[in-house]
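The values are calculated or read from the model by the stated rules, or taken from the named source; none is laboratory data. Here the structure is a predicted model, which is why all the values come from computation and not from measurement. Glycine also receives a Cβ, built like all others from the backbone with ideal geometry; neighbour counts cover every protein chain displayed. Ligands, DNA and RNA are stripped out before the accessible areas are found, and what is left, the full protein with its side chains, is counted by its heavy atoms. Shrake-Rupley method; radii C 1.70, N 1.55, O 1.52, S 1.80 Å.
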Amino acid sequence: MSCAESPKSGHECSGVYFATGLQEPEKAAVHKRSPKVLEALQKLNIQADQAPVIAVLGSGGGLRAHIACLGVLSEMKALGLLDAVTYLAGVSGSTWALSSFYTKNGNMEGMEEELKHRYETNEWDFDESLKKAIEASRRDNYSLTDFWAYLIVSRQIRELQDLNLSSLKKQVEEGMLPYPIFAAIDDDLQCDWRERKTQNSWFEFTPHHAGYPALGAYVPITEFGSRFENGKLVRSEPERDLTFLRGLWGSALADFEETKKYIFNSLKDLSSQSRKEHPLMGKCQIMKGAGTVTYSEAPRMEVDEMLLDLMMACVMDQNDPSIKDKLCALQQALGTEKDEFGKEMAEIIQSWNETSLEKKQQFVDHLLDYFKKTQEPIKYSLKNQVKGKCQPITYSLMNQIKGLFWDTLTFLSKTLMNLWRWEWGSVYNFLYKHGNIEDETMYSREFLHLVDAGLAINTPYPLVLPPVREAHLILSFDFSAGDPFETIRATADYCQRHDISFPEVSDDQLMEWAKAPMSYYILRGETGPVVMHFTLFNKDNCGDDIEMWRKKYGTMKLSDSYTPDLVTDLLRVSKENVQKNKINILNEMRKVAEKPGNFPRVNKEAGLRDTVQDVQGSRTMEIKISHNIHKD
């Protein structure tokens, strides 16, 4: 079904559908935005008969990108530049900033003070974050993305967001705010991306839809995560909240080893916190107003704690030699030596070090099932201490305690399995067994695995370029660690392979610029978009201390180490990149406003001459480009 065929009013689509070009809800929103853009340009003393398509892109870069992107948005809004923008698009850390921007309806007043307050008070709700993660673990498709979203990203940005993406569309549809695009890639297609830079790898989210732009295959954002088969809705699931999506969009802050270490450290913190607060390990506030529950002479408590301790050991390191000893101790405590399960347990203990990872996973699952089935009702004494008085505890509260314990074990068990499999971004594939899809890879998978688009290109260029959208002017703000021109290099390669007009520069030139980057560069071709590329740390705002600033704001820097002064300094340098270049931005806006239609969809001229302008160096370079097209 296409949007045009949908029986629903207001251009809304339902179920899996296919669309070429802009979808109707987005087209309508962009149409509504156009007069607002023209009005904004007029206020900036720029005359235009037709609104040019101006896109602002934010790169990845973890918390550094989140804070710096908020600084850019704040300054562009203060200078009246943001009102002339049609699209806002982000990857990884910038998606965190964009989603915050839209949840506040674009209101940036008080943003700086709010950020400083969050990191001054170390404001993070551990209990609520853990509760959300445990709730997510009840899903069939729980993955490390859920853990990452609720226990790491929410901690980094100091916010749990219950709103969902569809709730942000009102002001977008009215044209009051730019149309937002949030990027991800299909992790199962990583091999295709590395070999051929395939367009199918890119996946996008907007307040209206989620899907593959290159395939023209989409599902309404409200139905993303629901179960489909052959294009038909099999099981409806609630729309995922923005906290989960932030975890999906920003799931790759570093390489494999660093990310794994980050997760393990978070698990250690979780273990430490749980031992203080878990009802089976001492005292715990079960719920507000419930009072503190304490245990007296609990014979079962040791077994429960041993099982939890075993699970934590398995999660932290499946090769930990202490696991075998913990299994032996647990077997003795359970008294299972003589039954069938006891024999199986004895065999697995004996051969634990030689047992395959798959069999270890199966045994841990079996162990939990056995423990649940054989657990006797709680018989030991409970005292509910409220205001210093001992009161009888209700069965409902006992059941709540038991339920919380099993939920925690299930959460740890599923996290363990996903760590062993290294499984991220698991969502139901809305193209599963779809008859209109010929690519077996796309229709044969029951689950998709969507991850951080920074693993492909750390800026969402592919989502604002043909074949779907045609931005005339791109303001690209790079918050990456290391080489600030890698995104340009990667995008130029991608566009050359797919015959998309994009300015190119030589690798030697990019390497030269990277040695001492200026605040911005203009890349201009005879056709295609004009690109203004802004580097976060540069000679204009950091002088000769660029490397020191990069180290100061490392991608994996824990939010706990961010102080209000660090936040203020990062906001300042990001704002300066807009302030100091306001006139240059206006000049480029004026040029594309004069000729917004200079954008052929396909350019097949070999030997096309593009111009790359290095403004700070007061020199213009002409670089000959040879379009050797690589086909998928």
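Scanning the stretch 295-314 for residues that are outside any helix (DSSP H, G or I) and either modelled with pLDDT of 70 or more or surrounded by 16 or more Cβ atoms within 10 Å (Cβ to Cβ) (or both) turns up Tyr295, Ala298, Arg300.
On the given criteria, is Arg155 among the charged types (D, E, K, R) and either within 21 Å of Glu423 (Cβ to Cβ) or modelled with pLDDT under 90 (or both)? Criteria not met by Arg155.
Taking the stretch 270-284 as the search range and keeping residues that are under 22 Å from Asp146 (Cα atoms) and buried (at least 18 other Cβ atoms within 10 Å of the Cβ), which one is modelled with the highest pLDDT? Result: Leu270. Just one of the numbered conditions (1) more than 31 Å from the chain's Cα centre (by Cα); (2) at pLDDT 95 or above; (3) surrounded by fewer than 19 Cβ atoms within 10 Å (Cβ to Cβ); (4) not small (Gly, Ala, Ser) is not true of Ile46: (3). Cβ-Cβ distance below 6 Å, separation of 6 or more or different chains: which pairs start in the stretch 315-338 with a residue that is at pLDDT 75 or above and end on one that is of a type in the set (Asp, Glu)? That search, which allows pairs on different chains as well, returns nothing. Please go through the stretch 492-517 and pick out each residue that is over 25 Å from Arg64 (Cα atoms) and not in a helix (DSSP H, G or I). If the condition is that a residue be over 25 Å from Arg64 (Cα atoms) and not in a helix (DSSP H, G or I), then His498, Asp499, Ile500, Ser501, Phe502, Pro503, Glu504, Val505, Ser506 are the ones that fit.
Tell me, please, whether a residue that is open to solvent by 40 Å² or more (accessible area, probe 1.4 Å), among the small types (Gly, Ala, Ser) and within 22 Å of Gly175 (Cα to Cα) can be found in the stretch 74-83.
For the stretch 74-83, residues open to solvent by 40 Å² or more (accessible area, probe 1.4 Å), among the small types (Gly, Ala, Ser) and within 22 Å of Gly175 (Cα to Cα): present.
Selection of strands (runs of 3 or more DSSP E) fully inside the stretch 339-443 by the criterion of at least 1 residues being within 30 Å of Arg240 (Cα to Cα), among the aliphatic types (A, V, I, L, M) and at pLDDT 70 or above returns 426-428.
I'm checking my understanding of the structure. Among residues of the stretch 592-602 that are surrounded by fewer than 18 Cβ atoms within 10 Å (Cβ to Cβ) and more than 32 Å from the chain's Cα centre (by Cα), which one is modelled with the lowest pLDDT?
Here is the first cut: in the stretch 592-602, the ones surrounded by fewer than 18 Cβ atoms within 10 Å (Cβ to Cβ) are 594-595, 597-598, 600-602.
Retained after the next criterion (residues that are more than 32 Å from the chain's Cα centre (by Cα)): 594-595, 597-598, 600.
Numbers: Glu594: 88, Lys595: 79, Gly597: 56, Asn598: 51, Pro600: 40.
Looking at residues that are surrounded by fewer than 18 Cβ atoms within 10 Å (Cβ to Cβ) and more than 32 Å from the chain's Cα centre (by Cα), I get Pro600.
Only a single item in (1) of a type in the set (S, T, N, Q); (2) under 23 Å from Cys495 (Cβ atoms); (3) open to solvent by 40 Å² or more (accessible area, probe 1.4 Å) is not met by Ser167, and it is number (2).
Being farther than 20 Å from Leu151 by Cα and aliphatic (A, V, I, L, M) is the filter; apply it to the stretch 552-585 and report the residue that is most open to solvent (accessible area, probe 1.4 Å). Restricting to residues being farther than 20 Å from Leu151 by Cα and aliphatic (A, V, I, L, M), the top hit is Ile583.
Taking the stretch 223-269 as the search range and keeping residues that are polar (S, T, N, Q) and buried (at least 19 other Cβ atoms within 10 Å of the Cβ), which one is farthest from the chain's Cα centre (by Cα)?
Among those residues, the one meeting the criterion is Ser226.
Search the stretch 57-85 for residues that are under 24 Å from His472 (Cβ atoms) and pair each with any residue that is of a type in the set (D, E, K, R) when their beta-carbon atoms are under 7 Å apart and the residues are at least 6 apart or on different chains. From the stretch 57-85, the pairs are Ser59/Asp478; Glu75/Lys575; Leu79/Lys582; Gly80/Lys43; Asp83/Lys36. If you take the residues in the stretch 467-491 that are in a helix (DSSP H, G or I) and open to solvent by 10 Å² or more (accessible area, probe 1.4 Å), which one is nearest to Ser94 (Cα to Cα)? Selected residue: Glu486. What about Asn107, is it in a loop (DSSP other than H, G, I, E, B) and buried (at least 19 other Cβ atoms within 10 Å of the Cβ)? No: the conditions fail for Asn107.
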